[in-house]
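Single-structure report; data block below.
What follows draws every value from the coordinates through simple rules; no lab data is involved. Keep in mind it's a predicted model, so treat the numbers as computed, not measured. Note that each Cβ is placed from the backbone with ideal geometry, even for glycine, and that neighbours are counted across all protein chains shown.
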């Protein structure tokens with residue numbers, strides 16, 4: 001990854017465990033648990049704004065956050081610093097020996113592209129068998145390279 005939202009993220013290898021096409025916001029808020037104002041926090045998605053509805057919002061709008069990926073975020077009043085329509089990713093990564101699972105959120109521009117993609121997939125049993133061997137449906141996502 002090539003971002004520093006959290007200490008130790010920059011340069012860490014990450015595995016994408018989810019993706020979501022939405023409007024993503026950088027926000028400023030004061031945590032409900034006390035402490036100082038958090039400026040330009042990256043990222044909160046449109047669906048994490050209370051009463052957000054369908055249409056995205058522009059900078060300087062104020063909302064109540066319904067996000068819980070940082071302590072004191074849920075219920076805090078936030079001001080939108082910037083907004084962009086993009087795909088966001090939930091990632092697992094290791095930083096200084098500590099594993100972080102399901103980190104919300106990073107954008108494509110914050111991920112380094114590699115020649116090798118590591119993909120997660122799941123097998124779902126069909127409940128039938130031939131010669132006592134169960135059958136599985138394997139769902140495998142695929143990635144394509146694009147010119148930049």
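Each of 57, 63 was scored by other Cβ atoms within 10 Å of its Cβ. Listed from fewest to most, they are 57, 63.
In this simple spin-label model, placing a label point 7 Å from the Cα along the Cα-to-Cβ direction at both residue 68 and residue 33 gives a separation of 1.3 nm. Among 5, 46, the order by Cβ neighbours within 10 angstrom, fewest to most, reads 5, 46. When 98, 54 are arranged by Cβ crowding within 10 Å, least crowded first, meaning fewest neighbours, the order is 54, 98. Placing dummy labels 7 Å off each Cα toward the beta-carbon, the span from residue 87 to residue 108 is 0.6 nm. Over all distinct Cα-Cα pairs of the stretch 7-92, the Kirkwood formula returns a hydrodynamic radius of 13.5 Å.
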